[in-house]
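Below is one structure, written out as structure tokens; the observations come after it.
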Amino acid sequence: MNSAGQLMRNRAKAIRLIGVANELLAVARELEIGESAAVSSYLFTGEERGAANGSATAQDHPIWVELARQTYGDRRRRTKIFDSDSLFGEPAWDILLDLFIAAKERRRVSVTSACIGSAVPSTTALRWITILERDGFLAREADPGDARRVYVKLSARGYSAMLEYFASASRSVVLLDDATVQAVAAR
């Protein structure tokens, strides 16, 4: 009984630590998101950075990555609730959402992971990755440490397009946020 009680106490401590760690990660993510130059330098090569430093990049807002996460989660939830993989399919959008979230988190995404994240068969996902690359929305880059692995990331054009989408989709939320900040500053 005593060891069971100790196990329960350790589990409760672990849950609290995970909660604290998640809060710290969220704060760190917000700080990183605020540094658009740092994100830009992580995402893009020199010539891509020049293309991305247009007006859309300057409009970056920390809430957009949260909206992207929510959108991606909503899409997975919809499939689960309706118990059908075939009713709701938009693999290109799922890939773009996944890569946008990864860019904001400064995380690399392998082609294999992008295929899994699109929630369609690998052949379908690879076809969409090729189309997105051809249209200039994403780029592939080889893993210098493992010739078998290839990463995908949003191109400057893809990143700017995602920023533009979330800027227009969330303008009332962002305006509300900006108005709140201005009201507090005026006091």
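Just so you know, all these numbers are worked out from the coordinates, no wet-lab data involved. Keep in mind the model is a prediction, meaning the values are calculated, not measured.
A straight chain from residue 83 to residue 111 at 0.36 nm per residue would run longer than the Cα-Cα distance by 7.4 nm.
Extent along the principal axes, Cα only, for the range 57-167: 41, 35, 24 Å, with the longest axis given first.
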